[in-house]
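Data block below; observations after.
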Amino acid sequence: MSDKSELLLKPKRFYKTAAAAPVEGGFAIQLDGRTPKSPARKPLIAPNKALADTIAAEWEAQVEYIDNSLMPATRLAFTAIDRIGETRAEVAKEITAYAGSDHLCYRAEHPTPLVERQDREWGAILDWAKAEFGLVFIPVGGIIHQPQPPATLAAVEALALTLDDFSLAGVAFASGLYGSTVLALAVRAGRLTGRKALDLSRLEEMFQAEQWGEDAEATARAAFLAVEAEMIDRWFAALR
């Protein structure tokens, strides 16, 4: 599809200003005073002004056309509004599934510098999860699946179910982004920035790039993921 064809599929910016305004139930994103609707036709309302400002900034940043691919906080807000309330149990299980195969538990077996870096940096976050939430994870060398303690997975699921809809949506999103529920929880708690968590999730990839250089495709993918990671950092900061 040509760039021109893609533009024709995107709606033109039809508003002059985007801002947050107090309403019943939180703060609405308003486009010239009118609140956009989610795909399920629900008003775009965030639980507090900080998060509403974050979402409104994405709408304000649109130029001639509205590009949803550049609006990750808006997309996540729609997920929180449309999906989470009705599927909390399923979303909690998704988060638990990421914990059951958490990326931080699968370590390289060689070379030694990479092994040591993973043990040091990933081990520190697993230690934090144990101290903060009582979550005990078992790391393993290689990629063969390592079952995690049932008590740990039960605790992750219970923790997820205590979260409000916007926080639960954020943890589910971040768990998928990082391949790690532990990293998602660390960003939510402010233990890590979203970008630092992304770097940790890409530790082996970054190590290989240090040794052999990074190709253009990997660089572009990393840049895209960085946008998502910085958004989820702002998302959790607003909710804190």
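The values are calculated or read from the model by the stated rules, or taken from the named source; none is laboratory data. No experiment lies behind these values; they were computed from the predicted model shown. Note: ideal-geometry Cβ built from the backbone for every residue, glycine included; neighbour counts use all protein chains shown. Ligands, DNA and RNA are excluded from the accessible area calculation, which covers all protein heavy atoms including side chains. Shrake-Rupley method; radii C 1.70, N 1.55, O 1.52, S 1.80 Å.
Below are the figures for this structure:
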{"quantity": "Subset of region 71-88 that is aliphatic (A, V, I, L, M) and over 19 Å from Ala158 (Cβ atoms) - its residue that is surrounded by the fewest Cβ atoms within 10 Å (Cβ to Cβ)", "calculated": "Met71"}
{"quantity": "Scope region 179-202; condition of a type in the set (A, V, I, L, M, F, W, C) and either under 13 Å from the mean Cα position of the chain (by Cα) or surrounded by fewer than 17 Cβ atoms within 10 Å (Cβ to Cβ) (or both); matching residues", "calculated": "Val182, Leu183, Ala184, Leu185, Ala186, Val187, Ala189, Leu192, Ala197, Leu198"}
{"quantity": "Selection status of Leu104, within 28 Å of Glu204 (Cα to Cα), of a type outside the set (S, T, N, Q), crowded, with 20+ Cβ neighbours inside 10 Å and modelled with pLDDT of 95 or more", "calculated": "yes"}
{"quantity": "Top-ranked residue of region 21-59 - restricted to ones that are surrounded by fewer than 17 Cβ atoms within 10 Å (Cβ to Cβ) and of a type in the set (Asp, Glu), ranked as nearest to Asp82 (Cα to Cα)", "calculated": "Glu24"}
{"quantity": "Criterion: over 10 Å from the mean Cα position of the chain (by Cα) and not charged (D, E, K, R) - qualifying residue of Phe133, Phe236", "calculated": "Phe133"}
{"quantity": "Neighbours by Cβ (under 8 Å, 6+ apart or cross-chain): first from region 228-240, surrounded by 21 or more Cβ atoms within 10 Å (Cβ to Cβ); second among the charged types (D, E, K, R)", "calculated": "Ala229/Arg195; Asp233/Arg195; Phe236/Arg188"}
{"quantity": "Index of the failed condition, Phe173 passing every other in (1) touching a residue at least 60 places away in the same chain (Cβ under 8 Å); (2) open to solvent by less than 10 Å² (accessible area, probe 1.4 Å); (3) farther than 17 Å from Arg117 by Cα", "calculated": "(2)"}
{"quantity": "Those residues of region 89-121 which are of a type in the set (A, V, I, L, M, F, W, C), over 16 Å from Ala154 (Cβ atoms) and either without any contact (Cβ under 8 Å) to a residue 24 or more places away in the chain or in contact with a strand residue (DSSP E or B) (Cβ under 7 Å, 6 or more places away or on another chain) (or both), in sequence order", "calculated": "Cys105, Val115"}
